[in-house]
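Colleague: Below: one structure in structure tokens.
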There are 2 protein chains.
Amino acid sequence: MAVPHPLAPLSKAEFERARDTVVKLYGPDSSLFFRSIYLHEPPRADLVSFLQAEHDGTLTDSTPRPLRLAVAHYDVIHTATKHLEYAQSVVDLNLSWEIERRVAGPRDQAGYPPFEFAIFYDACVKSSLFKEAMAEFVLPEHFTVTIDPWPYGGLDPDDDRPRLLQGLVYARDGSNNNPDSNHYGFPIPIIPVMDVATKEIIRVDRLATGGAAQDGLEPAPRESDAKPKPLFLNSRPSEYVPELLDRPLRTDMKPINITQPEGTSFTVHPDNLVEWQKWRFRLGFTPREGAVLHDLCYDNRPILLRVSYSELTVPYGDPRPPFQRKQAFDLGDGGFGRAANNLELGCDCLGAIHYFDAYLTDPRGNPTLAKSVVCLHEQDNGIGWKHTNFRTDRAVVTRLRELVVQCVVTLANYEYIFAYKLDVAGGITLETRATGIVSVVAIDEGKRSPYGNVVAPGVLAQNHQHIFAVRIDPAVDSYAAGDSRVAVEESVPVAADPETNPYGNYYEVRKRTVEKACWLDAEPMLNRLVRLENARKKNEVSGRPVGYKLTPPPTQLLLADRNGLQGRRAKFAHHHVWVTGHRDGELWAAGEFTNQSTEEKGGVYDMVQRGDWFVDDEEGEQRVNKDDEDEDGGKNAEEQGRLSSPILWSVFGLTHNPRVEDWPVMPVEVHHVNIRPADFFTSNPALDVPSFKNKASVIVPCCGGRQDLKAANANSEAEEGTVQRDAAAHMQGPGPDLAAGDVGAHVK
Amino acid sequence: MAVPHPLAPLSKAEFERARDTVVKLYGPDSSLFFRSIYLHEPPRADLVSFLQAEHDGTLTDSTPRPLRLAVAHYDVIHTATKHLEYAQSVVDLNLSWEIERRVAGPRDQAGYPPFEFAIFYDACVKSSLFKEAMAEFVLPEHFTVTIDPWPYGGLDPDDDRPRLLQGLVYARDGSNNNPDSNHYGFPIPIIPVMDVATKEIIRVDRLATGGAAQDGLEPAPRESDAKPKPLFLNSRPSEYVPELLDRPLRTDMKPINITQPEGTSFTVHPDNLVEWQKWRFRLGFTPREGAVLHDLCYDNRPILLRVSYSELTVPYGDPRPPFQRKQAFDLGDGGFGRAANNLELGCDCLGAIHYFDAYLTDPRGNPTLAKSVVCLHEQDNGIGWKHTNFRTDRAVVTRLRELVVQCVVTLANYEYIFAYKLDVAGGITLETRATGIVSVVAIDEGKRSPYGNVVAPGVLAQNHQHIFAVRIDPAVDSYAAGDSRVAVEESVPVAADPETNPYGNYYEVRKRTVEKACWLDAEPMLNRLVRLENARKKNEVSGRPVGYKLTPPPTQLLLADRNGLQGRRAKFAHHHVWVTGHRDGELWAAGEFTNQSTEEKGGVYDMVQRGDWFVDDEEGEQRVNKDDEDEDGGKNAEEQGRLSSPILWSVFGLTHNPRVEDWPVMPVEVHHVNIRPADFFTSNPALDVPSFKNKASVIVPCCGGRQDLKAANANSEAEEGTVQRDAAAHMQGPGPDLAAGDVGAHVK
């Protein structure tokens, strides 16, 4: 059997071997609850040695290979004591041997796999507290109760319960006998809270349903002795499934077919190796991140060693408690991989599509196949480059062909579509689309609120933000440690000066190398760019370092008070760019444990605090680690500043004050992060893209044969003296170019 | 014969009637040189009365129609005196009668139609000055000289010559016998300057070719007695036409076909009326703007009365004189309409395409047909909205279908692709793509420069900016004057407060109406939006004004010193948003006359200075015009502040510090301006888009039959106990929804 590539996802057999190895570690006095099992990626140093050999073509059977490792995350429940530990075991798959185990601290909460969310239902059904709360309301006939479990959000400082879940409660109109009738249109103003360990509802929070009070917040209602409150008297359906829509479907939208009759231009090889138009990468997939690109190369030159979505926080801006706890960390609390949709041909992607499957785990550690969680296809994105020679009217036009790696994830009410797009001009684009159903709560009918928008009668869509972090591990034209650098470039106005800038039109392009871990903010008025450069290779044409550039998108950062609960939990969302020193396994912008966090721990903020640096001093020798010289016995030297490869984190987002148009399902809001070659190549890498005319395109006439400009034109063309001119030839000269001699130039 | 719609472009007959009417105004002592002839759009008040009736369905033969007018721009040359006047005549096409004539001031220079640029060649050939300058250089054998005429740029204060042209000079390698061999790779460091009136080269500027001097600028060379300087000794070709490329074309890029076997979903009617998916508009086309959208409606509700590209300035940042004069105004100095490419099926657009033609003029006023200058087609832009119900696994996914109105323009070396995109979710996107060949000058080989990047040996691509202005005339759900308002909305952090914001997660959404003409800058850190609202209609769901929102793109503004030559000429580029009071015919962000301007005149800056206001005072009465009360006899009351409909101008751009990858033709740099409904509709307008599965899509297998994950999965699926699970079902519960009674709720 072939040895898998070090970046190949676990095979089913490997997955099971990892599980079996862990199970054997524990005796009958414990039971295990598996959360995730996946490839434990090799340490960067080992990986790049292997990749270097692979790309050099020097790979042999005797080339040292990184250990083939898996990692399992699981709870250990000690049967007698009911004591629970959250553990992570790294397993050597060749030896079926645990080589490392980490046990989480008592306040470190794992994210929720779907099967853990499920217990919330039963707890509510059994709960007298929940029943008492529901008794305060009267629902219309045929309505049933539906609950969306949510992560509990940030803890109050005095809340020391170990693991909680909360639920948003809705009613569903059962009269249409359709299980997909949209319950989000009928929010019930309570939030039950469950202790996960005991599986009991410990509290039901009542929610305020008015607008804002004049002075201070409207108090949330307490348990009520008043007459039960009738709900949804004037509500109306918020349906989106076609058979329940309040309007007919469009009948005049004709199909657009995208076909590749000669096949695709991409090839998918074993071990998830993808090749397309000089690009080459390996597709990874993890429970937390979903799709990940590894070892992204163009023309066998590495660019990025790894690129992935690292975190997404969604803080809500409604100040009325307990809404401060509506702050999801959609990777840390849930996981994009676990939430990935099974994509459908002809729905999620059009054209000629390759699908990737992945294995996730069930609670017993069995691999479960997640079908078609990533799709891969080519697409045409309009004109790629064009030039018309106005002297000859010769136009050369090529198309911008792209390869798209796409995932769609569902997080309860909401959807994200994320894609890595590569193009023939060497560009890398991370595209994020937000769609799905906005999170809503009840509002008294007829009221409006400063905390959101009324999107249907009685339904308040609260203002919120989505703030993403992407992690980029550069390997700019070299895998060698220390070769990749980060620099910042700005375009800066320069005052007029009679000597150096007489007309005031000069602007200065300033560049500085990032020498030490830091954060940066987008500065569009300085056109601030982040360059990923090779510190040792210069572009042979320009003499400047070979590199790629990323323009930090200038999107709004976290609005919540930075010292408040949401702000402390998401320090990564305080800045647009973080540059940190590489450490193996450090993949999480907001830290590994986001669930019920009170403060970001081990995220980019802490990484910067270590003070890692990226550049040797001028003499070429490694700097002394200043921290080591301090008498700071409490600090682990490992954690302190050291010379490292830089990791770039790009933070961007969307402030989403909902529109009525976002209801009941919102049209996509699209966001792009662009990473573009900047003196990486010695000319436009898309220069060799053929400018073939597409033969399947057709001309559409107009006007059903009536008299019109088109017809008039047809006549006029036949008339003598009418010139069919190229409007582009706006500088067309009467004669040919001038021979050098004609204009007095010497000729060699 | 049918009466044309008031917004229909001139027919050929109307065009000729306009020309004939103007010609008849002048006797044999004058000769005319026509620059442009096109529809003179009706005054806004007359137009909207007509449109209101048209959309109400009350249009009859007796409905008052705006006068059908044309405008002709032309030079009048008085044969005897050679005196030249630039005149604009507005002609009543029914009466064949001039109703208005404007004569430009002596310093107001019209833009260049292509046929005017052409005279530059002859002037150089005849010029001894030019020959003397060329004698300073030795060109390699077989090289010919090629000249790109350019607008002269801004005048020095003491330069009072009336009309000038400058030229960038290059050499073309004739040895390959290909007229499309790329001359831009061989820049010659001189700029000849022509007096257009005398058609004589009056000066040849020598260009500096070194890097920057340490102290002050390297002086430009003067005429030289030294030995002629050999050029291009180490240069290399910069070819882009496929037959001359230095590398083979890619052979592995398989076609992507986009077909609509059941036809398109759009219809083009006479008089350029387009209907598609509830959208409706009329396509206009002017010599200066190219494609324009008029009367843009959704479901028969108006949104924008007119939207167009208004100006584009391209200032270069090289401080060495005379490069401060490299500042094109691509609409005012040239014209997007005149520069429009004749689009090619299967090259510029893929799929099922409708093309629009237009008439431009030749110098004698004859209509010349510009074929296929605008293309119209539908495209698929990925997922439009999606939601998966995690309880049932039911996914509903629709596609984001778009209608694209696209033009491509060539301005000497450079190309722009601009498109108006409408989508099924009510969105309007203005897409701009920059491509073509960057403007280059000579640099001594081996040198580098702070003023640009060396993109080929001896070739310096200078740093520059492209700053666009788009003009938007709103008619938000009403044509009535005074109904459309502009408001500014921001999302603002709010400090934590024990009473009103206990956890600090609240943020305030602040909105204010723009009451008076003003400018604004993008403020992404406040998420600043501009809302186009109806002052009188509220959304029935949210209670907020019906509207559309535009997010001003936070792109870098003009870097040049604002009091310097380039800065004074392009005041519109000092701010991202201008809100001005409507005046008929005021279409130009940098003013009507940009060519050789020394200062922006009649542009958005001046419009704001008038102090127009948009909102009646609180008592509902018109405010007194404060300016009228001043004893300012010099001001024309017509020009002063008055109650007006607001016009919105959006300014955005691209700071372009060239990459080596931009050579020899740059890959597109894409920019979007998004205009989205914001409480205009009462739900997602794309809700009724069918979620049909596209039947032409196919699955692509992988790996050429080798053992792989796909194959492994196929096996594992058959195994007992393996669950094929929907990874999206991450919160899937074990049971059905809870009946209301189960959880204690009362039932009506």
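Colleague: Summed for both chains, how many Å² of accessible area, to the nearest 100, are buried between A and B with a 1.4 Å probe?
Modeller: Heavy-atom accessible area buried at this interface is about 21900 Å².
Colleague: On a 28 Å Cα-Cα criterion, which of the cross-link pairs A:K516/B:K447; A:K511/B:K447; A:K549/B:K549; A:K126/A:K227; A:K371/B:K278; A:K421/B:K326 come out too long?
Modeller: Too far apart for the 28 Å limit: A:K516/B:K447; A:K549/B:K549; A:K371/B:K278; A:K421/B:K326.
Colleague: Take the alpha carbon atoms of chain B, find their radius of gyration, then divide it by 2.2 N^0.38 Å using N residues; give the quotient.
Modeller: Against the compact-globule rule of thumb, the ratio is 1.09.
Colleague: Among A:M525, A:Y479, A:L168, pick out the residue whose Cα is farthest towards the positive end of the charge dipole of chain A, where Lys and Arg carry +1 and Asp and Glu carry -1 on C-beta, about the Cα centre.
Modeller: A:L168
Colleague: Within region A:263-348, which chymotrypsin sites (Phe, Trp or Tyr not before Pro) sit in a loop by DSSP and count at most 16 neighbouring Cβ atoms inside 10 Å?
Modeller: Sites meeting the loop and neighbour criteria: none at all.
Colleague: Same structure again: Report P(r) for region A:353-394: all Cα-Cα distances, bin width 10 Å, range 0 to the bin holding the largest distance, values in whole percent.
Modeller: 21, 22, 17, 13, 12, 8, 5, 0
Colleague: In vacuum, with every alpha carbon of region B:138-244 counted as one equal point scatterer, what does the Debye formula give for log10 I(q)/I(0) at q = 0.13 Å⁻¹? Two decimals, please.
Modeller: Evaluating at q = 0.13 Å⁻¹ gives log10 I(q)/I(0) of -0.63.
Colleague: While we're here: Using Cα-only point scatterers and the Debye equation, what is log10 of I(q)/I(0) for region B:409-552 at each q in 0.10, 0.12, 0.15, 0.16 Å⁻¹, rounded to two decimals?
Modeller: Listed by q, the Debye log ratios stand at -0.62, -0.77, -0.95, -1.01.
Colleague: Where the only charges are on Cβ atoms (+1 Lys, Arg; -1 Asp, Glu), what is the dipole of region A:301-418 about its Cα centre, to the nearest 20 debye?
Modeller: 420
Colleague: If all Cα-Cα distances of the protein assembly as shown are sorted into 20 Å bins from 0 onward, what percent lands in each bin, rounded to whole numbers?
Modeller: Calculated over all Cα pairs of the protein assembly as shown, the distribution is 9, 35, 36, 16, 3, 0 percent.
Colleague: May I ask you to give the average projected area over all directions of the convex hull of the Cα atoms of region B:45-180, in nm² rounded to one decimal?
Modeller: Taking a quarter of the hull surface, the average projection is 15.9 nm².
Colleague: Now for a different question. How big is the shadow of the Cα convex hull of region A:518-596, averaged over all directions, in nm²?
Modeller: Its average projected convex-hull area is 7.4 nm².
Colleague: In whole Å, what are the extents of region A:225-365 along the principal axes defined by its C-alpha atoms, from largest to smallest?
Modeller: 72, 43, 35
Colleague: Relative to the other copies, what are the label-point distances for B:D246, with labels 7 Å from Cα along the C-beta vector, expressed in nm at one decimal and sorted shortest first?
Modeller: 6.4
Colleague: Here is a further query. Once the Cα gyration tensor of region A:239-293 is diagonalised, what are the square roots of 5 times its eigenvalues, in whole Å and ordered largest first, as equivalent ellipsoid semi-axes?
Modeller: Gyration-tensor ellipsoid for region A:239-293: 37, 21, 8 Å.
Colleague: Please identify every one of the GluC sites (Glu not before Pro) in region A:133-221 that sits in a loop by DSSP and has no more than 14 other beta carbons within 10 Å of its own beta carbon.
Modeller: Taking region A:133-221 and a limit of 14 other Cβ atoms within 10 Å, the loop GluC sites (Glu not before Pro) found are A:E141.
Colleague: Could you provide, to the nearest whole Å², the per residue accessible area of chain A with probe 1.4 Å?
Modeller: That works out to 35 Å² per residue.
Colleague: Can you list, shortest first and in nm, the gaps between the label point of A:G210 and those of its counterparts in the other copies, using a point 7 Å from Cα in the C-beta direction?
Modeller: Label-point distances to the other copies, shortest first: 7.8 nm.
Colleague: On the accessible surface of the protein assembly as shown, probed at 1.4 Å, how many percent belong to carbon and sulfur atoms?
Modeller: Exposed carbon and sulfur together represent 50 percent of the surface.
Colleague: So, one more: Once every DSSP H run of n ≥ 4 in chain A is given -39500 (n - 2.57) and the sum is divided by its residues, what mean residue ellipticity at 222 nm do you get, rounded to the nearest 500 deg cm²/dmol?
Modeller: -2500 deg cm²/dmol
Colleague: Hey, how many Å between the Cα centroid of region A:498-524 and the Cα centroid of region A:334-373?
Modeller: Going from one Cα centre to the other spans 45 Å.
Colleague: Once the label point is placed 7 Å from Cα along Cβ, list for B:Q52 the distances to the corresponding points in the other copies, in nm, shortest first.
Modeller: Its label point is 7.7 nm from the equivalent points in the other copies.
Colleague: A follow-up question, please. From zero up to wherever the largest Cα-Cα distance of region A:12-103 sits, split into 10 Å bins and tell me the percent of pairs in each.
Modeller: All Cα pairs, binned at 10 Å, distribute as 16, 39, 26, 13, 5, 1 percent.
Colleague: Additional query: Would you please name the GluC sites (Glu not before Pro) within region B:219-315 that are DSSP coil residues with at most 12 other C-beta atoms within 10 Å of their C-beta?
Modeller: Passing sites in region B:219-315 are B:E223, B:E262.
Colleague: Right, next: Kindly flag which residue pairs out of A:K693/B:K229; A:K229/B:K538; B:K229/B:K601 have an alpha-carbon separation exceeding 32 Å in this structure.
Modeller: Cα-Cα > 32 Å for A:K693/B:K229; B:K229/B:K601; rest within.
The values are calculated or read from the model by the stated rules, or taken from the named source; none is laboratory data. All figures in this text were calculated on a predicted structure; none of them were measured in a lab. With ideal geometry, Cβ positions are generated from the backbone for all residues, glycine too; neighbour counts draw on all protein chains shown. Heavy atoms of the whole protein, side chains included, go into the accessibility calculation; ligands, DNA and RNA do not. Shrake-Rupley method; radii C 1.70, N 1.55, O 1.52, S 1.80 Å.
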